[in-house]
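Have a look at the structure that comes next, please.
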Amino acid sequence: MTKVRIDPVQALRGSLHPPPDKSISHRCALVATMTMDPVLVRNYLDAGDTNATLDAVRSVGAVVENRPDELVIRGTGLRAAAEADAPIDVRNAGTLMRLLPGWLAGQPVGLQWTIDGDASIRRRPVDRIAAPLRAMGGRVEATDGRYPPFTVYGSTLHGIEYDLPVASAQVKSCAMLAALVASGETSIHEPHPTRDHTERLLMRAGVPVRREGTRVIVPSVDELELDDVTVPGDLSSAAFFIAAGVLVPGSRLMVDRVGVNWTRLGFLRVLDRMGAIVIGDLEPEGAPPGPEEPVSDLDIAAGPLEGTTVEPDEVPLAIDELPLIALVGCFAEGETVVRGANELRFKESDRIAGVVDGLRGLGADIEATEDGFAVRGTGGLRGGVIDSRGDHRLAMLGAVAGLASQEGVEVVGMDAAAVSYPGFPDDLAALV
């Protein structure tokens with residue numbers, strides 16, 4: 001593991017070109033594989049997680065041609081995935097682990113695929129995707145009933161009405177991909193809104209996806225037809241620099257051409273009520289999904305910060321940025337509380353424990369709760385050492401903390417950032 005020391009700075013200035021969106025890159029590769037005609041994907045994320053997805057689609061029969069700044073993916077068609085020669089290694093990619101089985105479960109009877117990954121993946125339960133797939137007639141067999149490695153068997157699927165027990169874009173997307181190859185319609189109820197990238201991409205591919213209140217309805221289709229796709233900048237990656245721009249006094253940053261889909265703006269809405277200044281052409285909250293992903297430039301500046309409470313219905317739309325809310329809370333006046341975020345315990349690491357232990361070691365007044373954390377703002381952080389625990393988001397959290405701290409922060413395992421943001425060290429150096 002690499003150890004990197006991040007010293008405090010006086011101000012951050014300049015423009016940031018965030019990396020391509022990780023969530024959308026995964027989905028583009030998977031949906032393109034389900035088509036028959038070649039699909040051109042521009043601005044695909046070149047990182048550990050998304051490259052695992054390209055290897056996975058190759059293993060089931062897709063041909064991926066790498067070109068400068070773009071890919072051409074020649075898929076198998078919707079119902080003609082090939083059986084892999086070996087277990088599909090998703091490495092550290094939880095999105096891939098949860099989405100790919102939805103499509104594979106509806107492939108011809110007699111085929112099977114085993115899905116495995118690294119040590120952190122083997123600790124992440126798959127029972128939440130197995131439940132809807134089994135209800136649709138699918139067959140999934142997991143280690144100890146709920147962990148990778150697990151095997152997905154080709155089955156004859158049928159549409160269902162399914163209530164998600166926990167709001168999860170990944171579980172919803174798994175069921176949506178299965179619905180494409182099932183008979184009839186599948187209706188999925190969300191307790192709270194989640195990311196709608198799968199809905200938008202399927203609409204672009206010609207699927208008449210409908211939203212009726214809290215339900216997403218997906219019919220069976222014969223084929224997908226996807227035009228060229230351009231992946232926007234990743235707001236979840238840009239969020240680390242947005243937080244830095246808010247925390248380091250005197251900073252002024254521009255974030256260029258980033259995705260501003262309203263189902264990804266939870267972090268910005270929380271920052272806004274804490275007193276941060278983020279200006280951009282943001283998609284209105286609650287906007288119905290269309291086939292295009294909205295993008296905008298963002299202007300970020302620091303301002304006086306106040307604590308806030310993040311309620312459970314806000315969590316799905318800010319799930320990846322919740323560690324940054326804890327960090328911002330350290331610098332805010334009053335208390336910042338996050339509730340209903342138990343899902344954080346099942347990420348690349350137990351992020352509740354990682355955030356609480358990591359920030360406390362830097363001088364934060366923070367404590368864990370069963371489903372989140374509470375931070376009492378002290379006006380800043382002393383500094384010290386933080387362990388990424390192999391989690392890319394904890395690594396980058398530590399770096400941002402170092403920029404705004406009094407004494408600097410040594411990040412143990414900074415190399416974990418390459419899973420989603422290989423250019424993070426270079427972008428950090430350019431803004432400093």
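When you look at residue 38, is it under 30 Å from residue 298 (Cα atoms) and either at pLDDT 95 or above or under 19 Å from the mean Cα position of the chain (by Cα) (or both), yes or no?
Judged against the criteria, residue 38 is not a match.
Which pairs turn up if I take residues in the stretch 347-358 that are over 11 Å from residue 120 (Cβ atoms) and look for partners that are in a loop (DSSP other than H, G, I, E, B) and of a type in the set (Val, Ile, Thr) with beta carbon separation below 9 Å, at least 6 apart in sequence or on another chain?
Sorted first by the residue in the stretch 347-358, then by its partner, the list stays empty.
In the stretch 8-26, how many are surrounded by 24 or more Cβ atoms within 10 Å (Cβ to Cβ) and either β-branched (Val, Ile, Thr) or touching a His at 6+ places or on another chain (Cβ under 7 Å) (or both)?
The total comes to 2.
Could you say which residue among 253, 202, 271 is modelled with pLDDT of 95 or more, assigned by TED's automatic domain parsing to the domain that holds residue 394 and of a type in the set (A, V, I, L, M)?
Details: 253 fails: modelled with pLDDT of 95 or more; 202 fails: assigned by TED's automatic domain parsing to the domain that holds residue 394.
The unique qualifying residue is 271.
Do you know which residues across the stretch 73-116 are assigned to a loop (DSSP other than H, G, I, E, B), at pLDDT 95 or above, under 18 Å from the mean Cα position of the chain (by Cα) and at negative phi?
Matches in the stretch 73-116: 90, 93.
Quick test for you: out of 175, 244, 239, 179, pick the one residue that is closer than 30 Å to residue 423 by Cβ, assigned to a helix (DSSP H, G or I) and more than 16 Å from the chain's Cα centre (by Cα).
Only one candidate qualifies: 244.
Name, by its number, the condition in (1) surrounded by fewer than 22 Cβ atoms within 10 Å (Cβ to Cβ); (2) modelled with pLDDT under 95; (3) in contact with a Phe, Trp or Tyr (Cβ under 6 Å, 6 or more places away or on another chain) that does not hold for residue 283.
Against the list (1) surrounded by fewer than 22 Cβ atoms within 10 Å (Cβ to Cβ); (2) modelled with pLDDT under 95; (3) in contact with a Phe, Trp or Tyr (Cβ under 6 Å, 6 or more places away or on another chain), residue 283 comes up short only on (2).
From the residues in the stretch 1-33 that are among the β-branched types (Val, Ile, Thr) and over 15 Å from the mean Cα position of the chain (by Cα), which one is modelled with the lowest pLDDT?
2
Still on this structure, please answer the following. Identify, by number, the condition in (1) more than 21 Å from residue 30 (Cα to Cα); (2) part of a strand (DSSP E or B) that residue 188 doesn't meet.
Condition (1) is where residue 188 drops out.
Give 216, 248 a once-over and let me know the one that is in the same structural domain as residue 377 (by TED's automatic domain parsing), out of contact with any Ser or Thr (no Cβ under 6 Å at 6 or more places or on another chain) and of a type in the set (A, V, I, L, M).
Criteria check complete, one pass: 248.
Taking the conditions exactly as written (in the same structural domain as residue 427 (by TED's automatic domain parsing), aliphatic (A, V, I, L, M) and surrounded by fewer than 21 Cβ atoms within 10 Å (Cβ to Cβ)), does residue 242 satisfy them or not?
In short, no.
The values are calculated or read from the model by the stated rules, or taken from the named source; none is laboratory data. Here the structure is a predicted model, which is why all the values come from computation and not from measurement. Positions of Cβ are backbone-derived with ideal geometry, glycine not excepted, and every protein chain shown enters the neighbour counts.
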